[in-house]
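The values are calculated or read from the model by the stated rules, or taken from the named source; none is laboratory data. Source: prediction; values computed, not measured. With ligands, DNA and RNA removed, areas are computed over all heavy atoms of the protein, side chains included. Shrake-Rupley method; radii C 1.70, N 1.55, O 1.52, S 1.80 Å.
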Amino acid sequence: MENTNKQDKMRTMPVNKLMLSMGIPMILSMMLQAVYNIVDSAFVSNMKTNGELALNALTLAFPLQILMIAVGIGTGVGCNALISKSLGQNNKEKASKVAGNGIFLATIIYIVFLIFGLVGVEFYIDTQTDNPIISEMAIEYSRICCTISFGISFFSIFEKILQSTGNSLYSTIAQVAGALTNIVLDPIMIYGYLGCPEFGVKGAAYATVIGQCVSLILALIFHLKVNKDISNGFKYIKPSGMIIKQIYSIGLPAIIAQALLSVMTYGLNIILVTVDEALVTAYGLYYKIQQFILFAAFGLRDAITPIVSFGHGMGSKKRIDDGIKYGMVYTLIIMVAGLLLVEIFAVPFSKIFGLSGVTQDYYISAMRIISISFIFAGANIAFQGIFQALDGGMESLIVSVCRQFIFVLPVAWAFSLIAKRSLESSWLIWTTFIIAELISVIIACFLMKRIYNKQVKSINLID
């Protein structure tokens, strides 16, 4: 009866209320995911010895963590949209197969990162630093996060399965439990409190993976308890080439979108260091705060996708239109709030990591300039969720590539040439993000018109 009510909610609840009931837990879930990196960085930067070097070590490991999350979440996004659409078509058998294939893919993902953690981490870190202390800490941290990555790999799938069936509250509870576990264990394992050995940077890694495992265990329990329309068993885990192809036709753009963050950050670090090394530190710390805001938009996007996809599956033009409208409005509200938050608390945030001097000035400048791009970034993120729901994986990918690659690195490089002549002009580099997001949102509007005419306009109203 409970699960029937969930499906009735997806079919009949007014979309504005449905998006809030599903979106708020997802927003909290994604924001808590951003907390992992912020909390780890805050604690290691305050270690008694080599705190600043430890912070640098985590910065080097960060792109690898982004990649792990990208692959897991992207695969989950594909499962999410496909399960929602299948349930909208009342095809529970296919929904079960999609969920099972998601579990199979999570297994493959974990094996890949396990192998990389054992044999590839040292080479990856050594390409970024010659400092033996930083290298050792970064290798230790990355190796633990990779070899014990089954928590994040499988949780990413079960989280999206719960969200696809309207049970986002349960996925949020699991995410909250993991984040709180990480926060509590960080000081204990890093500093050696309560009789625990003082692990230092390794303690931050252990706290992270333990928190991920806690989230996984709870998400699995919730899945088995509440997702009654989805059957479980080895026959559903058996890989299906057709289903995997459908999952990644939706999820691959999401994977690339997240992975591009690693590429963009790496490229920007190379550009910024040619101007002033302090700019690299400033941007790296700004990026962690920025994630907290953008991940809120990602959370709402993960509510937009199943709602619009469910409406698409049941052939309801009105619910699709409402999903698009309220998704854009609510995302705008989130990003305006984020913009105000960053502008007001730019200086206090800088003190969390003990910044001072020119690095603090660069950081505050980045906070106050780049945050203007939040308005356009929010629209782009919402469009990507809508595209994914309407089988527009390629359109979603185009927007990702534009806003995180094509219109970022070349523009930043051009502005860096000006900044080299005068450090007072370094603020120009931060405007790169405003330019990239603005151009990308214009492109996204044209793509939205095309995909709407193709996928939605011809649907007969059933409401």
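Less than 5 angstrom separates the built amide H of Asp276 from none of the residues sequence-distant by 5 or more or on a different chain.
Averaging over all projection directions, the Cα-based convex hull of region 408-463 occupies 5.3 nm² in the image plane.
If you bin all the Cα-Cα distances of region 158-260 at 10 Å, starting from zero, the percentages per bin are 14, 28, 33, 18, 7, 0.
Pairs to check: Lys97/Lys202; Lys9/Lys225; Lys160/Lys351. Give those whose C-alpha atoms are more than 27 Å from each other in this structure. Cα-Cα > 27 Å for Lys97/Lys202; Lys160/Lys351; rest within. Computed over the Cα atoms of region 266-411, pair by distinct pair, the Kirkwood hydrodynamic radius stands at 16.6 angstrom. Kirkwood-type hydrodynamic radius, region 190-317: 19.5 Å, calculated from all non-identical alpha-carbon pairs. Comparing Cα centroids, region 51-77 and region 211-257 end up 22 angstrom apart. Compute the acute angle (0 to 90°) between the alpha-carbon long axis of helix 168-191 and the principal axis of greatest extent of the alpha-carbon atoms of the chain; round to the nearest 10°. For 168-191 against the chain, the angle is about 20 degrees. What's log10 of I(q)/I(0) for region 269-338 at q = 0.27 Å⁻¹, Debye sum over Cα points only, no solvent? Treating every Cα as an identical point scatterer, log10 I(q)/I(0) equals -1.06.
Shape index of region 371-448: Rg/Rh, with Rg the Cα radius of gyration and Rh the Kirkwood radius from the inverse mean 1/r over Cα pairs, equals 1.09. For helix 427-455, what angle does its Cα long axis make with the longest principal axis of the chain, in degrees from 0 to 90 and rounded to 10? With rounding to tens, the tilt is 10 degrees. The residues of the chain have, on average, 39 Å² of accessible surface per residue, using a 1.4 Å probe with all protein chains present. Which angle from 0 to 90°, rounded to the nearest 10, does the C-alpha axis of helix 15-44 make with the longest principal axis of the chain? Long axis of 15-44 versus the principal axis of the chain: about 20 degrees.
Based on alpha-carbon atoms, the Kirkwood radius and the radius of gyration of the chain give Rg/Rh equal to 0.97. What's the carbon and sulfur percent of the chain's accessible surface, probe 1.4 angstrom, rounded to a whole number? In the chain, the share of accessible area belonging to carbon and sulfur is 68 percent.
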